[in-house]
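For reference, the structure is listed below as structure tokens.
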Amino acid sequence: MRAADVIRRRITNGTCPPRTRVPSVIQLRAEFGVAQATAQKALTRLRAESRHVHRAGTRQLRGRARGIGP
């Protein structure tokens, strides 16, 4: 899944550091030209990998994942 791969790479290379927002479903749809279900699956996949770990209200936040970053 391209969207998940790009976000994963951004997390790994530090472009999306801990405690910052990852793109929303709407932003993923706009950036990658994918359907809402596809964008949601990308976020769900990242959450399952512990790269995208929680929600605060309706905001998607990238927490410190196991084995990534300092």
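The values are calculated or read from the model by the stated rules, or taken from the named source; none is laboratory data. As the structure is a prediction and not an experimental result, all values here were calculated from the model. Reconstructed Cβ throughout: ideal geometry from the backbone, glycine too, with neighbour counts over all protein chains shown.
A few remarks follow.
- Residue under evaluation Arg8, criteria (1) modelled with pLDDT of 85 or more; (2) of a type outside the set (Gly, Ala, Ser); (3) in a loop (DSSP other than H, G, I, E, B), criterion not met: (3)
- First in region 32-50 and modelled with pLDDT under 90 and acidic (Asp, Glu), second anywhere and assigned to a helix (DSSP H, G or I) and surrounded by 17 or more Cβ atoms within 10 Å (Cβ to Cβ), Cβ under 8 Å, 6 or more apart: Glu49/Arg8
- Of residues in region 27-40 being in a helix (DSSP H, G or I) and touching a helix residue (DSSP H, G or I) at 6+ places or on another chain (Cβ under 8 Å), the one farthest from Arg9 (Cα to Cα): Gln36
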